[in-house]
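The values are calculated or read from the model by the stated rules, or taken from the named source; none is laboratory data. Note that the structure is predicted; figures quoted are calculated from it, not measured. Reconstructed Cβ throughout: ideal geometry from the backbone, glycine too, with neighbour counts over all protein chains shown. When the accessible area is computed, the model is the full protein with side chains, heavy atoms only, and any ligands, DNA or RNA have been set aside. Shrake-Rupley method; radii C 1.70, N 1.55, O 1.52, S 1.80 Å.
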Amino acid sequence: MLGEGIIKGMAETARNFLGSYVSDDRLTTVQYPEERTPQFENARQFPFLVFDGSDPLKGLRCVACQICEKECPPKCIYIVKSKDKRPDYKGQMQLYPVTFDIDLSVCMSCQICVEVCPFESIKMDTAYELSTSDRFGGLLVSKPQLAKPNDHYRKIHPTDAALSDAALAAEVAKAQAKARADAEAKAKVAAEAKAKAAAPNPVAPVVAIA
Amino acid sequence: MDWPFLIIAGFTIAAAAAAMTLRNLIHCALAVALAFVGLAAAYLQLNAQFVGFAQILVYVGAVAILIVFAALLTRGGEPSQVGIFSKTWLAGLGVALAVLGVLAWAIARSLVTQDQAPPTAEATVKQIGNALMTEYVLPLEVVGLLLTAALIGAVIIAMRDETPNPVVEDGRSKPKSSAKPTSVGGHE
Amino acid sequence: MTGLDQVFVTLKHWLLGQLANILPNGLLPVVSVLLSIAAIIMVFASLFAIMTIMERKGLGRIQNRYGPNRVGPFGFLQPAADGIKALIKEDLVPRAADQVVHLLAPVMLVVPALLVYAVLPVGRNMVAIDFDAGLLFFFAVGAASELAVFMAGWSSRNKYALLGAMRAVAQMVSYEIPLILSTVSVVMLTGTLSPVKIVEAQAGHAGWLPDWFVFTPWGFAGFVLFMIAANAEANRSPFDLPEGESELVAGYFTEYSGFKFALFFLAEYLSLFAVSGLGITLFLGGWQAPFAALDFVPSWAWFFVKLLGLIVLFIWTRGTLPRLRVDQLMNFAWKFMLPLALINLLTAAVWHYMPPGMPRWLVGGALVVGPYLMLGRGLMAGKHISKRTYRYAE
Amino acid sequence: MTPLAAYLILSAFLFAIGLAGALTRRNAIIVLMGIELMLNAANLNFIAFWRFSDHPEALTGIMFVIFSIGVAAAEAAVGLALIIAIYRHYKTTNVDEVNSLKG
């Protein structure tokens with residue numbers, strides 16, 4: 001019959017209305033500033049830059065490769081490369097960002113910058129109270145504000161941080177192994193060069209390249 | 001003449017003039033609605049409550065809405081590219097001024113206008129209802145029939161033809177006389 | 001009893017008496033009118049504030065939320081905070097908008113919404129103007145708001161606004177017919193268009209029920225039709241297509257901000273109160289007490305108690321029913337409400353000419369329930385309503 | 001008190017404005033609006049004459065205006081429907097261009 005469903009629905013909402021006063025379990029919302037729901041580990045809000053060591057500006061992992069700047073869908077990242085180079089965690093000489101700005105009002109929390117970063121240097125933060133009273137300057141987050149220690153990353157995303165640390169350690173190990181191999185090869189070349197000086201051998205350059 | 005009448009008259013004439021001279025069709029429609037409101041106020045001043053309210057209900061609530069709908073359906077909301085006045089506007093204005101002159105002359109010369117002391121006339125809803133149901137019952141029925149016929153006729157005229165019209169070279173669509181729905185009948 | 005009942009009337013007379021000593025005689029009628037206007041605006045604007053907080057809290061509880069509870073005790077100062085926020089907000093007008101019409105539209109919407117209160121009797125001897133054609137005035141002025149809605153939507157130069165305005169106008173025009181037709185039965189039986197006289201016609205108590213029109217078969221059907229049409233006229237859920245947030249952002253007032261936006265809300269709620277007040281006047285006995293024993297409660301209190309009851313009903317339906325589709329809306333108006341309203345006229349006539357007694361009730365009831373079942377069957381035909389299954393969920 | 005002549009002059013002005021609009025404007029909808037204004041001017045005359053007549057209880061003027069409003073509503077509905085049909089056919093509402101009897 002027409003109208004039957006309406007009456008059923010009205011009864012249901014009336015039950016909800018009265019029930020919400022009787023049992024607090026029904027109320028699904030929390031009283032936000034005092035009470036917060038726990039965050040999930042994979043929660044993401046806004047990117048930050050990871051640094052190693054104690055000095056945020058020297059220990060930045062970012063090498064200003066600008067991949068994230070190019071991949072960012074809303075184009076909210078702005079990077080200026082440095083002129084000089086400095087050693088990174090592997091000891092390799094790399095550029096570093098002189099300026100690294102992210103526009104908070106444009107960022108859409110998509111995490112693509114994190115996915116494309118080859119250096120594990122940009123990660124998503126879980127802080128969500130990002131409002132400021134200055135709508136122009138305050139929403140442009142610059143390098144000093146973005147730089148956060150690796151420990152912070154370990155704290156907010158323990159699983160990801162472990163993976164990331166492992167990957168970095170593996171790379172450092174690889175780099176060291178390579179360095180050692182290079183050193184050995186260099187030593188070998190030197191030795192062979194010495195040997196060559198003694199007795200010329202046409203095969204030697206090929207070996208050296210390999 | 002007292003000041004409420006002067007205000008109402010000035011308002012009505014200004015709105016009517018705006019309705020006839022503005023460029024944008026929607027502005028014209030809104031101005032003409034204002035003119036109808038002004039006329040309703042004049043009716044109220046003449047103690048004709050029922051007619052005044054009926055005027056607002058019919059003209060502002062229905063006719064003005066109909067006009068703006070028609071304006072939007074005919075893309076009248078966009079400003080016109082050509083001039084808004086027709087080529088023979090001078091002749092039209094002349095005719096209108098002549099009519100105004102004749103009317104004003106007639107009013108100024110007539111004896112009726114000497115009547116300065118109007119009686120306190122009142123038309124209550126009850127009187128109007130009684131009159132409508134007794135003396136004027138035939139016109140009432142006829143108006144009812146007319147409105148029904150107009151409703152159906154308007155729907156049929158404005159209804160889209162079911163068969164798509166072939167488009168001729170000049171960009172205008174040309175209906176096939178044989179494809180016309182027979183329901184239009186009556187004019188044949 | 002009469003003292004409390006007429007306290008506002010006496011107060012106004014006393015004020016006018018005091019002012020008569022200061023002001024020239026010619027100004028007194030103007031002052032009297034201004035006093036009534038001020039009272040109406042103050043009372044109903046504060047009722048607007050109360051309803052917004054009631055609605056937000058009620059809807060919250062219906063959805064198992066708290067609702068606003070921060071500003072003031074239990075959040076009851078939230079309307080004040082909202083009002084201040086609307087006042088100090090930046091007023092943005094789109095560059096392409098038609099500036100004059102855009103500015104006039106909210107004003108044109110609020111003015112008729114306030115004007116209709118002139119003929120509502122909110123208590124014994126408490127009506128601003130007792131027009132002979134009061135009901136006609138109410139509907140005529142109410143119809144003027146359609147043009148204001150169109151102005152708002154068209155002048156914004158926004159597709160959502162225009163779509164919302166067209167929907168709103170089409171909906172208001174369609175539902176005005178059942179709205180007016182359902183009142184015509186009352187007009188037929190009372191023989192007057194004056195709301196004051198209609199309330200007076202419902203005085204008295206026949207048996208244990210008061211002589212309100214809602215306690216007759218035709219009156220009940222008329223009341224239900226009237227309330228549904230009123231809901232649609234006020235653009236409230238489930239008839240909120242003109243401003244459906246999920247489809248049209250905010251409908252015809254999408255491009256309004258700040259105080260103009262607040263004016264749209266004010267107009268919407270004011271017209272809701274007005275049309276509820278009219279429903280009370282027509283069917284619920286106006287300011288009459290339900291039982292003779294309760295006559296000691298002042299008449300205006302009865303009016304506002306009934307008004308609050310209807311407001312709760314509106315909030316409840318808003319919290320319950322989902323939005324209709326456009327075709328459902330139009331089908332409901334033209335294929336269900338309109339025939340029922342027309343049959344209801346016949347029912348009222350039959351009721352009027354039959355002698356009081358059981359047969360009258362039987363015939364009247366049959367004339368209401370029969371068409372309802374028949375038309376309802378037609379409306380439900382071809383629809384298999386069952387428990388909804390979600391194929392891809394889980 | 002306003003004399004009858006004042007209402008008649010107001011009505012004459014409205015009639016002339018409506019006539020001027022109907023004769024000079026290109027848009028068919030505005031022509032229709034001009035015609036409506038002329039009808040309303042006539043209605044004002046009826047009401048004014050009723051108000052100033054010696055037998056206002058006869059209600060003739062009021063009745064005439066009530067029927068006139070009804071007829072005008074019908075006229076507006078049919079007229080606007082015609083304009084929409086013409087617009088569909090000619091893709092214009094300019095009365096200067098709609099000048100052939102044959103479609």
Residue in the stretch B:10-23 that is nearest to the chain's Cα centre (by Cα), counting only those that are within 14 Å of D:Leu10 (Cα to Cα) and buried (at least 22 other Cβ atoms within 10 Å of the Cβ) | B:Ala16
In the stretch B:124-176, residue modelled with the highest pLDDT [restricted to those that are in a helix (DSSP H, G or I) and among the polar types (S, T, N, Q)] | B:Thr148
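So that you can scan it fast, the table gives a plain yes or no per residue for (1) open to solvent by 100 Å² or more (accessible area, probe 1.4 Å); (2) touching a Cys at 6+ places or on another chain (Cβ under 6 Å); (3) not in a loop (DSSP other than H, G, I, E, B):
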{"residue": "A:Gly5", "(1), (2), (3)": "no, no, yes"}
{"residue": "A:Gly9", "(1), (2), (3)": "no, no, yes"}
{"residue": "A:Asn16", "(1), (2), (3)": "no, no, yes"}
{"residue": "A:Gly19", "(1), (2), (3)": "no, no, yes"}
{"residue": "A:Asp25", "(1), (2), (3)": "yes, no, yes"}
{"residue": "A:Glu34", "(1), (2), (3)": "yes, no, no"}
{"residue": "A:Glu41", "(1), (2), (3)": "no, no, no"}
Are there any pairs, at least 6 apart or on different chains, whose C-beta atoms fall under 7 Å, with the first in the stretch A:126-153 and under 18 Å from A:Ala43 (Cβ atoms) and the second open to solvent by 70 Å² or more (accessible area, probe 1.4 Å) and at pLDDT below 85, and if so, which?
-> A:Thr126/A:Gln39
So how many residues does the stretch D:2-48 have that are more than 16 Å from B:Leu97 (Cβ to Cβ), within 7 Å of chain B (Cβ to nearest Cβ) and open to solvent by 30 Å² or more (accessible area, probe 1.4 Å)?
-> 2
Read through the list (1) surrounded by fewer than 24 Cβ atoms within 10 Å (Cβ to Cβ); (2) away from chain B (no Cβ under 12 Å); (3) under 22 Å from C:Asp327 (Cα atoms); (4) under 16 Å from the mean Cα position of the chain (by Cα), then give the number of the only condition that C:Tyr160 fails.
-> (4)
C:Phe131 passes all but one of (1) within 21 Å of the chain's Cα centre (by Cα); (2) of a type outside the set (A, V, I, L, M); (3) in a helix (DSSP H, G or I); which number fails?
-> (3)
Some residue of the stretch C:61-79 being surrounded by 14 or more Cβ atoms within 10 Å (Cβ to Cβ), touching a residue at least 40 places away in the same chain (Cβ under 8 Å) and within 14 Å of chain A (Cβ to nearest Cβ) = yes
Give just the number: which of (1) crowded, with 21+ Cβ neighbours inside 10 Å; (2) more than 7 Å from chain B (Cβ to nearest Cβ) does D:Ile66 not satisfy?
-> (2)
Mind checking whether some residue in the stretch C:47-55 is surrounded by fewer than 15 Cβ atoms within 10 Å (Cβ to Cβ) and within 30 Å of C:Pro195 (Cα to Cα)?
-> yes
Consider only pairs whose beta carbons are under 6 Å apart and that are at least six residues apart or on different chains; among these, list those whose first residue lies in the stretch B:1-15 and is touching a residue at least 40 places away in the same chain (Cβ under 8 Å) and at the interface with another protein chain (Cβ under 7 Å from one of its Cβ atoms) and whose second residue is outside any helix (DSSP H, G or I) and of a type in the set (Ser, Thr, Tyr).
-> B:Phe5/D:Thr2
Please enumerate the residues belonging to the stretch D:13-68 that are polar (S, T, N, Q) and either modelled with pLDDT of 90 or more or part of a helix (DSSP H, G or I) (or both).
-> D:Thr24, D:Asn40, D:Asn43, D:Asn45, D:Thr60, D:Ser68
Look at B:Gln45 and say whether it is at pLDDT 80 or above, more than 11 Å from chain C (Cβ to nearest Cβ) and open to solvent by 10 Å² or more (accessible area, probe 1.4 Å).
-> yes
Please work out which residue is nearest to the other protein chains (Cβ to nearest Cβ), limiting yourself to the stretch A:1-57 and to residues that are touching a residue at least 60 places away in the same chain (Cβ under 8 Å) and of a type in the set (Phe, Trp, Tyr).
-> A:Phe46
If only one of B:Ile67, B:Ile56, B:Ile26 is within 13 Å of chain C (Cβ to nearest Cβ) and either of a type in the set (Asp, Glu) or open to solvent by 10 Å² or more (accessible area, probe 1.4 Å) (or both), which one is it?
-> B:Ile56
Test for C:Pro322: is it within 30 Å of C:Asn64 (Cβ to Cβ), exposed (fewer than 10 other Cβ atoms within 10 Å of the Cβ) and at pLDDT 80 or above = yes
C:Lys335 meets each of (1) within 13 Å of another protein chain (Cβ to nearest Cβ); (2) open to solvent by 30 Å² or more (accessible area, probe 1.4 Å); (3) touching a Pro at 6+ places or on another chain (Cβ under 7 Å) with one exception, condition (3)
Counting only residues that are at the interface with chain B (Cβ under 7 Å from one of its Cβ atoms) and not in a helix (DSSP H, G or I), which one in the stretch D:69-94 is surrounded by the fewest Cβ atoms within 10 Å (Cβ to Cβ)?
-> D:Lys91
Inside the stretch C:18-33, the number of residues satisfying the requirement of being small (Gly, Ala, Ser) and surrounded by 13 or more Cβ atoms within 10 Å (Cβ to Cβ) is 2
Hey, does the stretch A:74-84 have a residue that's in contact (Cβ under 8 Å) with a residue 24 or more places away in the chain, closer than 30 Å to A:Lys178 by Cβ and hydrophobic (A, V, I, L, M, F, W, C)?
-> no
Just one of (1) loosely packed, with under 11 Cβ neighbours inside 10 Å; (2) away from every other protein chain (no Cβ under 14 Å); (3) not polar (S, T, N, Q) trips up A:Val63, so point out which.
-> (1)
The stretch C:187-211, subset modelled with pLDDT of 85 or more and of a type in the set (A, V, I, L, M, F, W, C), residue most open to solvent (accessible area, probe 1.4 Å) | C:Met188
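Conditions tested, residue by residue: (1) assigned to a helix (DSSP H, G or I); (2) within 14 Å of chain A (Cβ to nearest Cβ); (3) basic (Lys, Arg).
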position: C:Ile228; (1), (2), (3): yes, yes, no
position: C:Arg236; (1), (2), (3): no, no, yes
position: C:Leu270; (1), (2), (3): yes, no, no
position: C:Ser276; (1), (2), (3): yes, no, no
position: C:Trp287; (1), (2), (3): no, no, no
position: C:Ala293; (1), (2), (3): yes, no, no
position: C:Trp300; (1), (2), (3): yes, no, no
Can you name every residue in the stretch A:107-129 that is in a loop (DSSP other than H, G, I, E, B) and open to solvent by 60 Å² or more (accessible area, probe 1.4 Å)?
-> A:Met108, A:Pro118, A:Tyr128, A:Glu129
For the stretch C:62-97 the number of residues that are part of a loop (DSSP other than H, G, I, E, B) and aliphatic (A, V, I, L, M) is 6
